[in-house]
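Notes for the one structure printed next.
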Amino acid sequence: MKRPFLCLLLALSVAVTKAQTITASSPNGAIRLTTELTSNGELSYIVTYKNRSVILPSALYLQFKEPAVALANFTLVKADSSRYDQTWKPVWGEYSSIRDQHRELKLQLKDRSGSNILVNVIFRVFNEGVGFRYEFPMQKDLNHFIVSNEGSQFHLAGDHTAFWLPGDYNSNEFTYNHTRLSEVNAEVSKSFSSISSKTFFDSNAVQTPLMLKSDDGLYINIHEAALLNYPAMNLVLDKTTNTLQSHLVPDAVGNKAYLQTPAKTPWRTIIVSDDAREIIAANRMILNLNEPSKIENTSWIKPQKFVGVWWEMHVDKSRWDYGNFNAEGKLIPHGKHGANTANVKRFIDFAAKNGIQGVLVEGWNVGWEDWFGKWKENVFDFVTPYPDYDVKELQRYAKSKGVKIIMHHETSGSVTNYERQMDTAYRFMKNHGMDAVKTGYVGYIIPRGEHHDGQWMVNHYTRAAEKMAGYKIMGDMHESVRLTGLHRTYPNWMASEAARGNEFNAWSEGNPPSHETILPFTRLMGGPMDYTPGIFHIKMSHYDPKKTNQVHTTLAKQLALYVTMYSPIQMAADLPENYEAKKDAFQFIKDVAVDWDDTKVLAAEPGEFLTIARKAKGSPNWFIGSISGNSEAVSTLRGKLLSFLPRGKTYVAAIYRDATNAHWKFNPMAYVVDRFLVDDTTNLEIGIAPGGGAAISLMPATANDLKTIRKYK
Ligand code: NOJ
Ligand code: CA
């Protein structure tokens, strides 16, 4: 509930000839927002953190194509402020309850250039940062706008270092560049993406979430929240002034957004702290800027782990497609089809045996011979299996083992085709005992040439999540737009990929060891990622001696990712035989939770290291993941890190760590599993290999544990 803000926070000067300034501070006073409307109608804002400049005076304006007006010249009609403090419970997540405490400032403005268009600019100031959005209430005459430009500026106080991705309109599947802003050159720095797009980006633009660090140690994260019915925001850089300006992803004909009043833009978010750990914890601010769940009964939404007929295709052991067409157009099997009934049963058996709830099956439906790179529409129908895949029998078999098959809908960018078939496809799923689907949008969006991150596709993902919810289906979207906290509103939208996942390690130059220490500061700020951790066979030469590709981590680090890379739908991505061969390490994947009561970021520096502890929901168990992004040097996880444990209570710590001679490149699979008795005062000291990690499970000790397991150190 909003309450009018009683304290004096309006320092609104009345004289029209003078600039009108209004300030609002965060509840703890550390962050201060100042808005200014000059006498000639220009609106700008400033943000400070502990009296240090975060955002210098930065302009806010919009440009419409229809009607052809620049909204840059405003009169203040009214300013309102309020304060808010409520706690809510997410359906699943990193915390069982989240406090939303903020001050709101609402500026009701009128364009004074003649159009009389009404715009509200709303700011919310949290302890973690600032969010702002534009609202277009119903107008007197005209209620349909075409936005050609949004000029929200972020004038930074210096040439900060940045973890950035090129401002591509279609893909986020790049490795991060780490340079000063003045060195951004997206054209040169683009690494390969599976939706490789040579033409659809701005060479001077970067994507959000953008992670910045100032020379004097301020961490600043710029992103957006509640991206609905609007394109995603890239940021164009003016290097002469260190100013970033919103650049909306255009549609097929170059327009940015089509709005019908009442309308609102997503929130633009600026998160700031002098402690990197607080940036990760502040992903809650993005959730707080999203609307509560639209789904009333959420009991069918189940966080889970899954295995799948998946990695075996990425390592080329089997194939998605069934065969090759001969000269007469007949499909001749090549004998390597992965999604066959017997193979899927093998995965179901493995899942059932190990308490894993789901089995993803890719390549089960006809069309994969034509799926990629041919720009063909209507390749998939989402209901017709290949001849060696017995849907009914697998439904029966999975049910008998208490396991659910996870559906796969690869659209290969043919999204109108998918929209036409969604109802049929979701009905088919429900009729065959499936309640989760992984969708995919590899390739350019056909036929119209929309972009993955444009308004049309943003609306598609939301429509898909809503439609899935109507069928009580959970979704995991690959190649979607990056997330903006919408999982609060649509908690059945469990995860997205929307970044460069583990799969790149199977068939490309891969992801550098720093990659997973950056993602929680960037992509994951907006929500869970289906990164597909858990690869035990690190080198692809295992599958083919000619291959030099490898996962750029140690095995122990793959385990730690289950804690550091939050998702409520988490894959155990490697092959069952690779897990069977290392049962002691696989135990961590079996034990680790996917839904949490609490999260503590113990240590963090983007690109360098990350240690997170989480308490499993409704359980006394805790799990720790610690990863190193340093590809050269050994590091140590050291200190009284377990102080979150209940005081004086003895726990068993199962420590999964790198062997002393482990190294992500030279000896990635060398690990050790130790068990010790620990408590809240234990002083840990665990060596972490270059590109390595450690995973720890903490469970209350039983009477027998107290007798048989030795104390740490
Ligand atoms: C790309 C996805 O990210 C991957 O997980 C999937 O296996 C392929 N597309 C095929 O749909
Ligand atoms: Ca992908």
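Every listed requirement among (1) of a type outside the set (S, T, N, Q); (2) surrounded by 24 or more Cβ atoms within 10 Å (Cβ to Cβ); (3) more than 17 Å from residue 425 (Cα to Cα); (4) out of contact with any helix residue (DSSP H, G or I) (no Cβ under 7 Å at 6 or more places or on another chain) is met by residue 488 save one, (4).
Would a scan of region 582-591 turn up a residue that is of a type in the set (Lys, Arg), touching a residue at least 12 places away in the same chain (Cβ under 8 Å) and either crowded, with 20+ Cβ neighbours inside 10 Å or not in a loop (DSSP other than H, G, I, E, B) (or both)? Yes, the conditions are met somewhere in region 582-591. Scanning region 657-694 for residues that are among the aliphatic types (A, V, I, L, M), surrounded by 24 or more Cβ atoms within 10 Å (Cβ to Cβ) and in a loop (DSSP other than H, G, I, E, B) yields 662, 689.
Could you say whether any residue in region 620-633 is outside any strand (DSSP E or B), over 21 Å from the mean Cα position of the chain (by Cα) and within 20 Å of residue 562 (Cβ to Cβ)? Yes: region 620-633 contains one or more residues that are outside any strand (DSSP E or B), over 21 Å from the mean Cα position of the chain (by Cα) and within 20 Å of residue 562 (Cβ to Cβ). Cβ separations smaller than 9 Å between residues 6+ apart or across chains give the following pairs from region 271-289 residues that are within 22 Å of residue 563 (Cα to Cα) to residues that are in a helix (DSSP H, G or I) and of a type in the set (Phe, Trp, Tyr): 276/521; 279/521; 280/521. Just wondering, is there one or more residues in region 456-464 that are within 15 Å of ligand 1 (Cβ to nearest atom) and among the small types (Gly, Ala, Ser)? Within region 456-464, not a single residue is within 15 Å of ligand 1 (Cβ to nearest atom) and among the small types (Gly, Ala, Ser). Within region 471-514, the set of residues being within 16 Å of ligand 1 (Cβ to nearest atom), closer than 22 Å to residue 178 by Cβ and small (Gly, Ala, Ser) comprises 498, 499, 501, 508, 510.
Within region 505-514, the set of residues being surrounded by 24 or more Cβ atoms within 10 Å (Cβ to Cβ) and closer than 23 Å to residue 208 by Cβ comprises 511 only. Scanning region 76-120 for residues that are over 29 Å from the mean Cα position of the chain (by Cα), of a type outside the set (S, T, N, Q) and not in a strand (DSSP E or B) gives 112, 114, 117. Apart from one condition, residue 576 fits all of (1) buried (at least 17 other Cβ atoms within 10 Å of the Cβ); (2) farther than 24 Å from residue 279 by Cβ; (3) in contact with a Leu (Cβ under 9 Å, 6 or more places away or on another chain); the exception is (3). Of the residues that make up region 166-186, is at least one of a type in the set (A, V, I, L, M), surrounded by fewer than 21 Cβ atoms within 10 Å (Cβ to Cβ) and at pLDDT 95 or above? No: zero hits. Taking strands (runs of 3 or more DSSP E) as the structural unit, those lying wholly within region 263-337 and holding at least 3 residues that are away from ligand 1 (no atom under 16 Å from the Cβ) correspond to 267-273, 323-325, 331-333.
Please pick out the residue among 229, 242 that is surrounded by fewer than 24 Cβ atoms within 10 Å (Cβ to Cβ), within 22 Å of residue 119 (Cα to Cα) and among the polar types (S, T, N, Q).
Result of the check over 229, 242: 229.
The values are calculated or read from the model by the stated rules, or taken from the named source; none is laboratory data. Small disclaimer: the values here were computed from a predicted structure and weren't measured. No Cβ is skipped: glycine too gets one built from the backbone with ideal geometry, and neighbour counts run over all protein chains shown.
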